[in-house]
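Notes for the one structure printed next.
Only the coordinates and a few stated rules stand behind these numbers; no lab work does. Quick caveat, the model's predicted, so the values are computed rather than measured. Cβ placement follows ideal geometry from the backbone for every residue including glycine, while neighbour counts extend to all protein chains displayed.
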Amino acid sequence: MTSGPVRASGDVLETALVSAQAPAADGVARQELLDRLAHLDLGTPRATADRLEGLLASGALSTLRGRQGQSARAAAVGRLLELGYPFALEVAPEDLAHWRAERAPDASDGRGLGLLLVAVASCLSLWGLAEPPRGAGVALVLGITVSAVLTTFRPRAVPWARRALFGLSVLACCLAAKYGVAIALPGIAGVIASRLLRPFPVRGVD
């Protein structure tokens, strides 16, 4: 697998693209294309950016994915962002949105920490306390947990899942007087996590 910048001609990249688009293309061919896109170096940042932008504009990468489901379109956008200013500013809004949606959870941007916080609080609430929640309280704790999971692992669901996480968490905090610490704990954790799980800006773009 390619591990660094690949100084390659347009013909080499075009060959990889044709191979990946072939009806009988296997995961190896598609992954080879993704590796070349993610580490592409055509000699100058301008030449590299122009080639990537042309591929994105053509729609040729829209349906291509690697062996583990990685998006070729996202790989191209990621490489453009790595090129920095001013090339990162040239990424089309719809391509940037796709890249955001495809990004895997990363503890460094708060998403992993947010999910961990909710998971620990929910486990303590349901199994670690002498008086765990019952009935609607259990449903509320599970709702907070599911919303956090969706926000983390289903990025396309972020707009509504994160709002649901925040709303359910606030409700849990409000009901703490009735249900006690078993509800307050995941509620507080959910409010904090809804902040940690927000989409982070991309330096040089946002």
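Here are the numbers for this structure:
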{"item": "Electrostatic dipole magnitude of region 107-196 [Cβ: Lys, Arg +1; Asp, Glu -1; Cα centre; debye, to 20]", "result": "280"}
{"item": "Estimated inter-spin distance, T15 and E90, nm [label 7 Å along Cα→Cβ]", "result": "2.6"}
{"item": "Label-to-label distance, nm, for residues given as T44 and R67 (7 Å Cα→Cβ offset)", "result": "3.7"}
{"item": "Qualifying trypsin sites (Lys or Arg not before Pro) in region 28-68, DSSP loop, other Cβ atoms within 10 Å at most 13", "result": "R67"}
{"item": "Per residue Cα convex hull volume in Å³ - calculated over region 6-102", "result": "82"}
{"item": "Nearest-0.05 FRET efficiency for A101 and L124, computed from C-beta distance (R0 30 Å)", "result": "0.40"}
{"item": "Measure of compaction for region 107-196 (Cα Rg per 2.2 N^0.38 Å)", "result": "0.99"}
